[in-house]
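Here the structure is laid out as structure tokens; the discussion comes afterwards.
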Amino acid sequence: MERWVGKVALVTGASVGIGAATARALVRQGMTVVGCARNVDQIKAIQKELEAESATGRLHPIQCDLTKRDQISAMFEEIRQEHKLVHVCINNAGLSFDGSLINGSPADWQTMLDVNVMALCICTQESIKMMKENGFDEGHIIHLSSMSGHRVSGQHFYSGTKFMVRALTEGLRKDLRSMKSSIRVTEISPGLVEMEFSPRLRREDPATDDFYKKHPSLKAEDIADEVVHVLQRPQNVEIHDILLRPTTQVM
């Protein structure tokens, strides 16, 4: 990770779960991490935690609702003013809502599209734009997707958004190669991970939800380790897609 020390990584959805674990891991590796989420106070708490342990990098919290394009634009302007560019863009933010394609809410579908697909594309586009503006052609775009992008899960609209992420990952790789760019692209597709995703899906309180007691799961830190692993590969190695699941998970 030596070549990334002092470089800037954007992590969306950095307040909890995989995003928070990834932000911690990269700061500990010496990177400057811009962590964004709607609940910026949770990221500020992580910032204080890392400062207390004298982590080698630093965390820059930004409040951003990824369904609001003006807030995404404001975030990138702040990054441009404070850091000039993003060297690594980690599109982690994602969400799902319960409901079938027959009785689901179109408003919920729109929110999933806005966060899981549109924000991912916009943050990717803006990050690559800043890399190009600054002559940095060894950046990395990492999409945190899901096993649901490789087989249709019980949440069918959510699976549809993750199939889109899978297609967008390959499309971006081809766009970059046609530009003769060395920017790398990776999709990481976890199975079941213990975090707030499942309780939020069912609109239940994570503090009282017992879903993960009944279903052995990966930890958020397991996914953060894969992010570090991908970044550690030499520039001539592009890991395109990682699928990982708990050993006992069937699907």
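The values are calculated or read from the model by the stated rules, or taken from the named source; none is laboratory data. Predicted model, so just to flag it, every value in this text is computed and none were measured. Positions of Cβ are generated from backbone atoms using ideal geometry, with glycine treated the same way; all protein chains shown enter the neighbour counts. Only protein heavy atoms, including side chains, enter the accessible area calculation; ligands, DNA and RNA are left aside. Shrake-Rupley method; radii C 1.70, N 1.55, O 1.52, S 1.80 Å.
Observations
- Within region 74-126, being closer than 30 Å to Ser181 by Cβ, part of a loop (DSSP other than H, G, I, E, B) and not charged (D, E, K, R) holds for Leu85, Val86, His87, Asn92, Ala93, Gly94.
- From the list Leu10, Leu26, the one residue that fits, being within 20 Å of Val88 (Cβ to Cβ), part of a strand (DSSP E or B) and touching a residue at least 60 places away in the same chain (Cβ under 8 Å), is Leu10.
- The one condition in (1) at pLDDT below 95; (2) on the phi < 0 side of the Ramachandran plot that Gly99 fails to fulfil: (2)
- Matching residues in region 175-189 - criterion: being open to solvent by 50 Å² or more (accessible area, probe 1.4 Å) and assigned to a loop (DSSP other than H, G, I, E, B): Met179, Lys180, Ser182
- Considering only residues in region 228-251 that are of a type in the set (S, T, N, Q) and farther than 25 Å from Leu192 by Cα, the one that is surrounded by the fewest Cβ atoms within 10 Å (Cβ to Cβ) turns out to be Asn236.
- Looking across region 5-19 at every residue that is over 10 Å from the mean Cα position of the chain (by Cα) and of a type in the set (A, V, I, L, M), the one that is surrounded by the fewest Cβ atoms within 10 Å (Cβ to Cβ) is identified as Val5.
- Of the criteria (1) more than 21 Å from Asn39 (Cβ to Cβ); (2) at pLDDT 95 or above, which one Ile122 fails: (1)
- Residue within region 32-54 that is out of contact with any helix residue (DSSP H, G or I) (no Cβ under 6 Å at 6 or more places or on another chain), of a type in the set (Lys, Arg), part of a strand (DSSP E or B) and surrounded by fewer than 24 Cβ atoms within 10 Å (Cβ to Cβ) present: no
- Every pair of residues 6+ apart whose Cβ atoms lie under 9 Å, when the first sits in region 141-157 and is part of a loop (DSSP other than H, G, I, E, B) while the second is of a type in the set (Asp, Glu) and surrounded by 24 or more Cβ atoms within 10 Å (Cβ to Cβ): Ser145/Glu187
- Failed item in (1) in contact with a Gly (Cβ under 9 Å, 6 or more places away or on another chain); (2) open to solvent by less than 10 Å² (accessible area, probe 1.4 Å); (3) hydrophobic (A, V, I, L, M, F, W, C); (4) within 30 Å of Gln110 (Cβ to Cβ), with Cys64 passing the rest: (1)
- Every condition in (1) under 29 Å from Arg233 (Cβ atoms); (2) small (Gly, Ala, Ser); (3) without any contact (Cβ under 8 Å) to a residue 24 or more places away in the chain holds for Gly94 except the one numbered (3).
- Extreme residue, most open to solvent (accessible area, probe 1.4 Å), among residues of region 155-174 that are under 21 Å from Arg233 (Cβ atoms) and out of contact with any helix residue (DSSP H, G or I) (no Cβ under 7 Å at 6 or more places or on another chain): Lys174
- When region 55-73 is filtered for residues that are part of a strand (DSSP E or B) and either aliphatic (A, V, I, L, M) or in contact with a Lys or Arg (Cβ under 8 Å, 6 or more places away or on another chain) (or both), the ones remaining, listed by number, are Leu59, Pro61, Ile62, Gln63.
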